[in-house]
């Protein structure tokens, strides 16, 4: 009987502490929450400045009051702002390597292009070349004629 009373007292004490801790957690400070919401909202809204000049579709550039050049890029989540070094690095990473002529076999031309998934190789007839492929083919042809 004595052990049952001790066990009951321990369970009752633990339940009381758990309830006290739970009620403290459900009442967060209102000031801290409001400040966090304001900071989150301000960080998520990067606006395009009035003096921004459009470079191409989805990309603008602007100079701030201290003279620093910023690039703005439109994303599905709003505008992203980056400095010139970050913009150069991002544009260099997104460049697609050009088409390279590999071989000419009669009326068939073999091309290749590097991609993130490896080398892409294809063949096409001279009469069916795209503008980009034709430019590479003509350049290769003129280079060989000049030698």
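The values are calculated or read from the model by the stated rules, or taken from the named source; none is laboratory data. All values reported here derive from a predicted model rather than from experimental measurement. Every residue, glycine among them, receives a Cβ derived from its backbone with ideal geometry; neighbour counts consider all protein chains shown.
Residues that are loosely packed, with under 13 Cβ neighbours inside 10 Å and either modelled with pLDDT of 90 or more or part of a strand (DSSP E or B) (or both) within the range 79-99 comprise just one, 83. The residues of the range 122-147 that are surrounded by fewer than 11 Cβ atoms within 10 Å (Cβ to Cβ) and in contact with a strand residue (DSSP E or B) (Cβ under 7 Å, 6 or more places away or on another chain) amount to a single one, 125. Looking at 81, 124, 100, 113, can you tell me which residue is within 30 Å of residue 144 (Cα to Cα) and touching a residue at least 24 places away in the same chain (Cβ under 8 Å)? Only one candidate passes the filter, namely 100. Within the range 1-52, the set of residues being modelled with pLDDT of 75 or more, surrounded by 10 or more Cβ atoms within 10 Å (Cβ to Cβ) and not in a helix (DSSP H, G or I) comprises 46, 47, 48, 49, 51, 52.
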